[in-house]
Structures are given as structure tokens and as C-alpha cells.
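Participant: To start, I am sharing the structure in question, which I have written as C-alpha cells.
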Amino acid sequence: MPEEVELDLSVDLCGVRLPNPFVLASGILGTSETLLEKAARLGAGAVTAKSAGAQPRRGHANPIVVDWGAGLINAVGLPNPGARREAELLAAAKAHLAPLGVPPKMLAMRGTPDEFAEVARTVLRAEPDILELNISCPNVHDEYGEPFAASCAGAVSVVEAVRPVCTVPLFVKLAPNVPNIGRIAADVVAAGADGITAINTMPGMVIDVESGQPVLTNRSGGLSGPALKPIALYCVYEIARAVPGVPIIGTGGITTGRDAVEMLMAGATAVGVGSAVYYRGLEAFQHLQEELTAFMRAHGYTRVRQLRGLAHRPVQKPQEVPEQ
Amino acid sequence: MKEFAPLPLQAECQPALRPTGPFGLVPRPLRVREVQRENARIRTFVLDGELPHAQPGQFVMAWLPGHEEAPFSLAYHRPVTLTVAAVGPFTRAMHRLEAGDRLWIRGPYGQPFRPEPVGRPLLVGGGYGVAPLAFLAETLLAVGQQPVAFVGGRTAEDVIGVKRLQALGVPVVVTTEDGSLGEAGLVTKPVARFLAEGRGEALYGVGPHGMLRALAELARAHRVPAQLSWEAYMGCAVGLCGMCEHEGVLLCVEGPVRRLAPGTP
Ligand SMILES: Cc1cc2nc3c(=O)[nH]c(=O)nc-3n(C[C@H](O)[C@H](O)[C@H](O)COP(=O)(O)OP(=O)(O)OC[C@H]3O[C@@H](n4cnc5c(N)ncnc54)[C@H](O)[C@@H]3O)c2cc1C
């Protein structure tokens, strides 16, 4: 095998080129332009700003994150400075990121479909490369009611409201806790979404038995980290089957390069990275890139795109494996 | 079809994952062994538990179910000791704790103070920032250094932690803004004098941001290294939520202690 062939780690999300497949997931370090730039300098291929609503929001009281053993649980509560400030932040981030070739992505979140459209209009003035709709945050139930991602009709209503005002590729972030995520993906794509981000965190709870209280102030929260990975892989696999060819940002428990390979094989085009920043430190992006590169070299892949969807091929019995 | 040779696990995943174990890093309750009254506003809580690997400058997240969770520097690690100023609802709730009550702790977190390779470090504390200085002094003494401590307060009542430092044999220079104890003026005044006289080769500081900025200035002017502990509102304490960002730095994982190399502009 020839050593040190130039590997192509770049991926394409609806015409937006990412230098590598690792996308800083929303809610992680997305609170300021300096942190978004930091993530890009640390090796992220794209970065996502934290979800924005029309009005500023404070978020939940501490504790907001806990490491419970097989993963994390969080209920940060979508603190954000409001769409107007968020647009400024994004514009600043875009200027910082341009020389690095890393596209910024934007999240929008808010009560009604019309409010989603309003937030989208505001943040799009900053010209992010991609707009991602967070219709699946599990931690703001009390104020916002059931996430739109819980049903096809709910998800479609938001996409239909935002599509007409959205001038960039539109991604929709889906929730794992639905009976048929493939059908929701198919419906939002039919309604005009260009891509899918999957999955958001999984609702959960951790109880402190000494006090008899949930650990999070919000009581429930969203599970992330290693425990989420098999669920995320399954969801992405199902979505890739339901909407073949539609780009997917596969997110959930990706902590090592091998995890990323699994996610790509499940059908993801790019890979979201969140809790890994906890498990691997701020160097997570560097480690993931190195491990992905090592895997590709060891197995003779030259382009990340070659990994996409490999798990969907029919089973090949050993004697049927074609000679190279 | 490509050949799928298994990669050695070590090479695949360097460095190892955060070693949290099967039980993670959930807050665990520690009994309050003793409450020491430092002054009207500040109390020290000695807890029944140890964090043997914690280092001075690191902090823990302390939680009271039904209230809040917030960061506190370790005043000591064996037993876990926190010095807490009552400044708001949560810290006032903490002040109601008595011996036998429980306080939930997770951590330790953050970058600690690291010994500079010098003989005469200066340790500077203001307000409850004095808390970790004795812990720090102990580790510096253990590597053969001769620290001098500077403790500042507005009035004599605000000056805490002097006895603990003196018990270690560390000389302590006390200042108060109103002159009611020790030298009159800000704590940075005697520090500047020591540096000018060549009696200090490194600065360590914990306290209000104004004091830290003044120390950074002094360190620059005298071309000595400084390690300063910066406070910011903290949420997750593990580098995810971004709330503690200070000029692009995540203070919970890249701080709270930040080193300023000598000659940094
Ligand atoms: C690394 C670090 C070490 C600290 N060490 C100590 C210590 O040893 N002793 C001590 O008394 N205090 C320490 N603090 C400050 C302590 O965390 C706050 O005083 C405490 O959170 C106040 O909570 P409250 O509800 O009583 O007050 P509030 O009324 O909520 O706030 C009072 C002040 O505390 C700040 N504060 C509130 N919540 C937090 C939070 N989650 N994180 C950081 N700051 C907060 C507020 O911004 C405000 O300035 C430390 C803070 C940090 C970041």
C-alpha cells in the first residue's frame, strides 16, 4: 500500500465545502464569535452557533450538566442573547472564519413557526452558509411545549414557514425519540428542507439518591455522549434509507475517529461533535481528524466520501466478495 | 473490498478518554465536619471527604439540592475545605449549613497553580481569594521554595486566613484600605516594593479582577512570571457551555489559573 497518499477529508453539504467532516454541534462553545473561531482553529470543519430565539433568554439554573457514567445529561436551557445580537455574533464569526475556510452555521429556535421565520430572517442577514432549525430541544418543554420534531405535521409546519425566507441551504435537526424518524425526515425534505441533522439529545433523567432529587435543576435533560451513539447510528441509518442522497450531519456520541467512521458508514455526510469536547478536551477535533486519517490510511481509503453509507450495502458472503 | 485490519486500540485513541469510570462524575454528598467563622461575611467549611489528587488553584462545583450549584476554590483537599463569602442567595444558603449537614461536590476541575522554578514566590490574596493561598504555600514549601504571602482587605475585619499561612511558617504582609490593620493601602503596594527590591521572583494571585490586573501590570513591569486565578460565571465547569469565556479563554478548563510568561506584552 503506498504510504502518505494525500487524503481528501473534505465534504460537501449542499454546495458548502467543509475542509473536514467534523462539525461543532450546536450548544457547545457556540456562545461567542471568539469561541466559534477557537473551535475552527482547533480543527472543526464547520461551526454552529447556539440556538437563537427572537428575545434574549437566560437558560436554566445550575446544575446544567452532569457526567453520569455512560454519557452526559444537560439542561442548559437554550440561553441566548436574542436573534439580533446573534446575527452580529455570526457576522463577526464569519469574518474570523473566512481565512480558515470554515463555514459558520446558524441555529434558530422559537415558539411558533412564524417566530422561527422571524428569527431566520434576522440571523440570515449575517449570511451564514447554512441555516439549521432546532425543532427538537428536549429541555424547554415547559415554555415551548412538545418539540415540533415529535410529529411529521409539527416538523413540516416549521419548514414550510421558514423555507420561503431562507436563502441558504436549510437543515432540520431531528429528535431521536419518535417512532419513525425516517418518515419525519422524508416529510421535512418534501416540505423543502435541503438536509437533516440527526440527532438531538435524548430526553432523560438522573436522580441523586441521597437527596431524592433529580440532579439537574430542570429535573430532566438531554442525554449525549457515548450512550447516545448506537441510537444516533440507527437514526442516521434510517434517515439515509428514507431520503437517499440528502446530506445528513450525523450527531450523537461521536468521541473517536472510529465512531466517526461508523457514522459515515451509517449514511452521514458530515459528523457533529459535541460531548467529545468534554471526553477528549479542546483537542477533540485534532484527535478525531488524526484517528479518521489513520483509519483511512490503514484501510486504503483516499476520500472521506468513500465511507458514506457503506453499511447500507447488501450483505456479501465471503465467496461473493469481488477480487480487487 | 478493502481489508479491515483491526487497529491497535492505543494508537486509535490517544490520549485516553476522560477516565470517569462507570459512575461518572455526579455530585456526591460530603458531611460538614466543622464550620469556621472567618468574619461576618465569610465562613470556612471543612467537609468529611478527601480529593487527594486535587491541586491548589483547582475548584469544585458545590451543590445544594433545591438551590444552586456554583464553583469554589479548594482551600484544602485533605479534608475538602471551602471558604465561602455570602454574596447572594446560594452562598447565603450555604452559610446556613451546620456540622452534620451535607454539601454535594463534583470535581476537582480546572488548571491548578504550578510551581515556578524560583526560590522566592509572592502569594497575593484579596477577600475570600486568600482561601487557596495556604494550600498553594504548602505545595511550594514542599519543593523547597520560600513563599511570602500578601493579604489585603478593606478593613481589619476583611482580612482572613493569616493564621493558616503563619502556621506554615510563611511570612505574611497585611494591608487594609483604611489602615485599621497592617499597612494602609492596597495589597499591590507592598508587592510592588518587594519586586522593586528584588525580593520576589514570581507572582501568584487570587482575588478581584482589579487586583489581578494590577498584579499582571507589576509582573510585566518587573519581568517576572505571574499565575493569576480569574473568576467568571460558570455553568457546566467542563468546557461545554461556554458561559465562563473570558477573551476567548474557557476559564473552567483553560483556567481559572492563567500563566503570564515574563515579558508578555
Ligand atoms: C473558579 C472560581 C472559584 C471561586 N471560588 C470561590 C471561593 O473560594 N469562595 C467564594 O466565596 N466564592 C468563590 N467563587 C464565587 C462563587 O462561585 C460565587 O460567589 C457564587 O456563585 C455566588 O452565588 P450566589 O447565589 O450566592 O450569588 P448571586 O447573587 O447569584 O451572585 C453573586 C455573584 O456571584 C457570581 N456568581 C453567581 N453564580 C455563579 C456561578 N455559577 N459561577 C461563578 N460565579 C457566580 C455572580 O456573577 C455575582 O458576581 C468562585 C468562582 C469561581 C468562578
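Participant: Given (1) farther than 26 Å from A:Gly281 by Cα; (2) at pLDDT 90 or above; (3) surrounded by fewer than 22 Cβ atoms within 10 Å (Cβ to Cβ); (4) touching a strand residue (DSSP E or B) at 6+ places or on another chain (Cβ under 8 Å), identify the lone condition not met by A:Gly82.
Facilitator: (2)
Participant: Still on this structure, please answer the following. Filter the range B:62-78 down to the residues that are charged (D, E, K, R) and either within 8 Å of the ligand (Cβ to nearest atom) or surrounded by 24 or more Cβ atoms within 10 Å (Cβ to Cβ) (or both) and list them by number.
Facilitator: B:Glu68, B:Glu69
Participant: Within the range A:220-230, does at least one residue satisfy the condition of being touching a helix residue (DSSP H, G or I) at 6+ places or on another chain (Cβ under 8 Å) and without any contact (Cβ under 8 Å) to a residue 40 or more places away in the chain?
Facilitator: Yes, the conditions are met somewhere in the range A:220-230.
Participant: Let me ask something else about it. Give the residue, chosen from A:Val273, A:Val209, that is within 14 Å of chain B (Cβ to nearest Cβ), surrounded by fewer than 24 Cβ atoms within 10 Å (Cβ to Cβ), β-branched (Val, Ile, Thr) and more than 21 Å from A:Glu146 (Cα to Cα).
Facilitator: Of the residues listed, the single one that is within 14 Å of chain B (Cβ to nearest Cβ), surrounded by fewer than 24 Cβ atoms within 10 Å (Cβ to Cβ), β-branched (Val, Ile, Thr) and more than 21 Å from A:Glu146 (Cα to Cα) is A:Val209.
Participant: Among the numbered criteria (1) modelled with pLDDT of 95 or more; (2) surrounded by fewer than 17 Cβ atoms within 10 Å (Cβ to Cβ); (3) within 16 Å of the ligand (Cβ to nearest atom), which single criterion is violated by B:Glu247?
Facilitator: All conditions are met except number (1).
Participant: Exactly one of (1) surrounded by 19 or more Cβ atoms within 10 Å (Cβ to Cβ); (2) touching a helix residue (DSSP H, G or I) at 6+ places or on another chain (Cβ under 7 Å); (3) outside any loop (DSSP other than H, G, I, E, B) is unmet by A:Gly30. Its number?
Facilitator: Unmet condition: (3).
Participant: Is there a residue in the range B:111-124 that is within 16 Å of the ligand (Cβ to nearest atom) and either within 14 Å of another protein chain (Cβ to nearest Cβ) or at pLDDT below 95 (or both)?
Facilitator: yes
Participant: Moving to a separate point now. If I filter the range B:49-61 down to residues being in contact (Cβ under 8 Å) with a residue 40 or more places away in the chain and closer than 15 Å to B:Arg33 by Cβ, which single residue comes out as nearest to the ligand (Cβ to nearest atom)? Break it down into steps so the answer makes sense when it comes.
Facilitator: Kept after step one, since they are in contact (Cβ under 8 Å) with a residue 40 or more places away in the chain, are these residues of the range B:49-61: B:49, B:51, B:53-61.
Adding the requirement that they be closer than 15 Å to B:Arg33 by Cβ leaves B:49, B:51.
Details: B:Gly49: 17, B:Leu51: 14 Å.
Here the residue is B:Leu51.
Participant: Checking the structure you have, find out if any residue of the range A:245-258 is within 14 Å of another protein chain (Cβ to nearest Cβ), within 22 Å of B:Gly235 (Cα to Cα) and touching a residue at least 60 places away in the same chain (Cβ under 8 Å).
Facilitator: yes
Participant: Within the range B:79-93, can one find any residue that is closer than 15 Å to B:Arg28 by Cβ and within 7 Å of the ligand (Cβ to nearest atom)?
Facilitator: Yes, there is a match, as at least one residue in the range B:79-93 is closer than 15 Å to B:Arg28 by Cβ and within 7 Å of the ligand (Cβ to nearest atom).
Participant: Follow-up question, since we're still on this one. For a quick check of your reading: which strands (runs of 3 or more DSSP E) sit entirely within the range B:1-105 and have at least 2 residues that are facing chain A (nearest Cβ under 10 Å) and at pLDDT 95 or above?
Facilitator: In the range B:1-105, the matching strands (runs of 3 or more DSSP E) lie at B:59-63, B:69-73.
Participant: Condition test on B:Ala131, is it near the ligand (Cβ under 10 Å from one of its atoms) and at pLDDT below 95?
Facilitator: Values: near the ligand (Cβ under 10 Å from one of its atoms): yes; at pLDDT below 95: yes.
Answer is yes for this residue.
Participant: Let me ask something additional. Of all the helices (runs of 4 or more DSSP H) wholly in the range B:154-263, which have at least 2 residues that are within 30 Å of A:Leu29 (Cβ to Cβ)? Explain how you work it out, then say what you get.
Facilitator: Numbers: elements: B:162-167, B:188-196, B:209-221, B:251-254.
Counting at least 2 such residues, we get B:209-221, B:251-254.
Participant: On to the next question. Looking at the structure I just gave you, is B:Pro190 surrounded by fewer than 20 Cβ atoms within 10 Å (Cβ to Cβ) and more than 16 Å from the ligand (Cβ to nearest atom)?
Facilitator: Taking the combined requirement at face value, the residue does not satisfy it.
Participant: Now, a different point. Criterion first (surrounded by 15 or more Cβ atoms within 10 Å (Cβ to Cβ), more than 21 Å from B:Ala131 (Cα to Cα) and away from every other protein chain (no Cβ under 14 Å)) does B:Glu201 satisfy it?
Facilitator: It is true that B:Glu201 is surrounded by 15 or more Cβ atoms within 10 Å (Cβ to Cβ), more than 21 Å from B:Ala131 (Cα to Cα) and away from every other protein chain (no Cβ under 14 Å).
The values are calculated or read from the model by the stated rules, or taken from the named source; none is laboratory data. Just so it is clear, the structure is predicted and the values come from calculations on it, not from any experiment. Cβ coordinates were reconstructed from backbone atoms using ideal geometry, including for glycine residues, and neighbour counts include every protein chain displayed.
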